[in-house]
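What follows is one structure encoded as structure tokens, with my remarks underneath.
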Amino acid sequence: MHLQFLGAAEIVTGSCFLLEAANTRIMVDCGMYQGRKEIREHNYQSFRVPPRSVDYVLLTHAHIDHSGLIPKLCKHGFKGKVYATAPTVELCEVLLPDSAYIQEMEVERKNRKNRRAGRSLIEPIYTINDAYEALSYFEVVSYDEIIQLTPDIRMRFVDAGHILGSAMVEICVRENGSDTKLVFSGDIGNKDRPIVKDPSTIDEADYVIMESTYGARLHNSEEEIESLHGIIWETYNKGGNLVIPAFAVERTQDLLFHLYLLMKEKRMPDMPIYIDSPLATAATEVFWRHHDFFDEEAACLIHKGEDPHQIPGIEFTKTAEESKLLNQADRTIIISASGMCEAGRIRHHLKYNLWRPESTVLFVGYQAEGSLGRQILDGQETVRIFGDDIAVKADIKLIEGYSSHADQAGLVEWVNNFRKPLREIFVVHGEPEAATALADLLRAEHGLQVTVPVLDQVVELLPEGAIAAPEDNIKTLYDSIATKLQGLLASGLNNETRWDILRGLTDLDNIINKAK
């Protein structure tokens, strides 16, 4: 049995893991890379395994960094089934065509420049038609339903508490007369969130592949609704706009829920609220079709006939013209996608508000390394939007409590629910600092065998434990270094870095000559 880390290894995005067992290939997630340019380049590379050779995709949830390359997989030959929960399937019906639309628009823009410059034209990773074709491979699975994939492999989804329909994946394999149970955590949810239930616990496994997005951090314990209340009034008193980059799925709905409660308690100033994201509007409609997935607080509101997404004072903009008009007003609350400010209408609102000291930009979700949102949150004095340098003069705020990811304490608590010793934990879906911090903590305080895999690494899972496949790992390391060098060469190198690389290559050449 072999496990290969095809994505989300030492980075947060691009979730994709390949399990080869009992003559079957199972891919857990097939996500898109997000962030800086050299990370996004992975989206254009060929799959490490032929898509046609993959038998099943088990999709933990709908976020694009987990689902976004499924249309590419299907486009290049995958003919199996994609298993997911009902909300995940419906959200993918919204998110995947939207992802394709963004690619088509971006490629069209770039090709106009390429034509003028006499350069070759490029193609999108996949088209809107490809996205709709991929949806035909999806099949709905309920939480806790046992699916017998083959006579030797069965799987089950349990609630991950991350977004609506998100799941952890249990895979049980019988091979060579022994049974092995793997648990893929997906994204582990933060407790006590609006709308979604708390993450489930699992008490037995042999191998665990778990996320570490906030593996080095603890969330601020201040209640997020009170933080939101304070920031709204601060912005109102300054006379500016409150701009909130929010993920279309979950963050927007959480904010709507809290804004509804504040309005119900008559604690809001006279500020119109706009949800300026067709994607968020469509996702919100999916949410309210699945009340049975809600937690107790949200479910009680629904049973009483209250609907937080249809209340006076909150408007959903539809057209681009309506969106543009929002930047002509003051003292408005604008919630817009994308959550990392990488695409969509939010970039226009940032361009018109970042330079204004009276405005506020509020972040409520994770910002990937290299993203525009991360640049702003890290304190850059100017950022580039639509080819213009924009000064960052607005107040920049962060409410960590809105995160849909468990923090370090939550991740450790989740691991502590396993009653029997684990053979090994593989820490993924985190930047190196976060993944390493969580791994060190689990080793030091809990005595666990923990590995932080690198991209494309292959491990063999044995009854007595996991071992690295040496030849595969040498190739993996080579490919990883080659990719990084290509990125560095494209962006330019200073002399000190050039000399460091040259010395390293000289040392490697000496080792190879000695081995001969």
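Worth pointing out:
- Strands (runs of 3 or more DSSP E) contained entirely in segment 186-293, each with at least 2 residues that are touching a Ser or Thr at 6+ places or on another chain (Cβ under 6 Å): 207-211, 273-276
- Comparison of Ile334, Ile399, Ile385 shows that the only residue that is in contact (Cβ under 8 Å) with a residue 60 or more places away in the chain and in contact with a His (Cβ under 9 Å, 6 or more places away or on another chain) is Ile334.
- Residue check: Asn417 meets all listed conditions (1) part of a loop (DSSP other than H, G, I, E, B); (2) free of Cβ contacts under 8 Å to residues at least 12 places away in the same chain; (3) not small (Gly, Ala, Ser) but one, namely (2).
- Thr13 meets the stated requirement of being touching a residue at least 40 places away in the same chain (Cβ under 8 Å), in the same structural domain as Ile125 (by TED's automatic domain parsing) and part of a loop (DSSP other than H, G, I, E, B).
- Wholly enclosed strands (runs of 3 or more DSSP E) of segment 118-167 bearing at least 3 residues touching a residue at least 60 places away in the same chain (Cβ under 8 Å): 147-150, 153-159
- Residue list for segment 247-279, filter: among the aliphatic types (A, V, I, L, M), in contact with a helix residue (DSSP H, G or I) (Cβ under 6 Å, 6 or more places away or on another chain) and closer than 15 Å to Gly365 by Cα: Ala248, Val249
- Lone unmet requirement of (1) over 23 Å from Ala434 (Cα atoms); (2) in a helix (DSSP H, G or I) for Glu358: (2)
- Pair list, Cβ < 6 Å and 6+ apart or interchain, from segment 24-40 residues that are under 15 Å from Gly7 (Cβ atoms) and outside the structural domain of Arg384 (by TED's automatic domain parsing) to residues that are charged (D, E, K, R) and part of a helix (DSSP H, G or I): Gly31/Asp65; Met32/Asp65; Tyr33/Arg40; Gln34/Asp65
- Of the numbered criteria (1) surrounded by fewer than 24 Cβ atoms within 10 Å (Cβ to Cβ); (2) within 25 Å of Gly7 (Cα to Cα); (3) within 19 Å of the chain's Cα centre (by Cα), the one His219 fails is (2).
- Scanning segment 428-450 for residues that are without any contact (Cβ under 8 Å) to a residue 40 or more places away in the chain and surrounded by fewer than 18 Cβ atoms within 10 Å (Cβ to Cβ) yields Asp440, Arg443, Ala444, Glu445, His446, Gly447, Gln449.
- Number of residues in segment 222-258 that are over 23 Å from the mean Cα position of the chain (by Cα) and among the polar types (S, T, N, Q) equals 4.
- Within segment 168-194, the set of residues being at positive phi and of a type in the set (S, T, N, Q) comprises just one member, Asn176.
- Exactly one residue among Ile399, Ile425 is at pLDDT 95 or above, over 17 Å from the mean Cα position of the chain (by Cα) and buried (at least 21 other Cβ atoms within 10 Å of the Cβ), and that residue is Ile425.
- Scanning segment 65-83 for residues that are touching a helix residue (DSSP H, G or I) at 6+ places or on another chain (Cβ under 9 Å), buried (at least 24 other Cβ atoms within 10 Å of the Cβ) and not in a helix (DSSP H, G or I) gives Gly68, Leu69, Phe78, Val82.
- Criterion violated by Glu321 - all others in (1) charged (D, E, K, R); (2) exposed (fewer than 14 other Cβ atoms within 10 Å of the Cβ); (3) over 23 Å from Arg356 (Cβ atoms) satisfied: (3)
- Of all residues in segment 361-389, those being more than 30 Å from Gly430 (Cβ to Cβ) and not in a loop (DSSP other than H, G, I, E, B) number 2.
- Boolean, Glu20 is of a type in the set (Asp, Glu) and either under 30 Å from Arg345 (Cβ atoms) or in contact with a helix residue (DSSP H, G or I) (Cβ under 8 Å, 6 or more places away or on another chain) (or both): no
- Residue in segment 294-302 that is crowded, with 16+ Cβ neighbours inside 10 Å, touching a strand residue (DSSP E or B) at 6+ places or on another chain (Cβ under 7 Å) and either modelled with pLDDT of 90 or more or in a loop (DSSP other than H, G, I, E, B) (or both) present: no
- Qualifying residue in segment 350-367 (condition: in contact (Cβ under 8 Å) with a residue 60 or more places away in the chain, surrounded by fewer than 16 Cβ atoms within 10 Å (Cβ to Cβ) and more than 22 Å from Asp65 (Cα to Cα)): yes
- Per-region count, segment 168-179, residues of a type outside the set (Asp, Glu) and over 28 Å from the mean Cα position of the chain (by Cα): 4
- Residues located in segment 303-348, provided they are assigned to a loop (DSSP other than H, G, I, E, B), at pLDDT 85 or above and either among the β-branched types (Val, Ile, Thr) or not assigned by TED's automatic domain parsing to the domain that holds Ile244 (or both): Thr317, Thr319, Thr332
The values are calculated or read from the model by the stated rules, or taken from the named source; none is laboratory data. All values derive from a computational prediction rather than experimental measurement. Here Cβ is always computed from backbone atoms with ideal geometry, including for glycine, and neighbour counts include all displayed protein chains.
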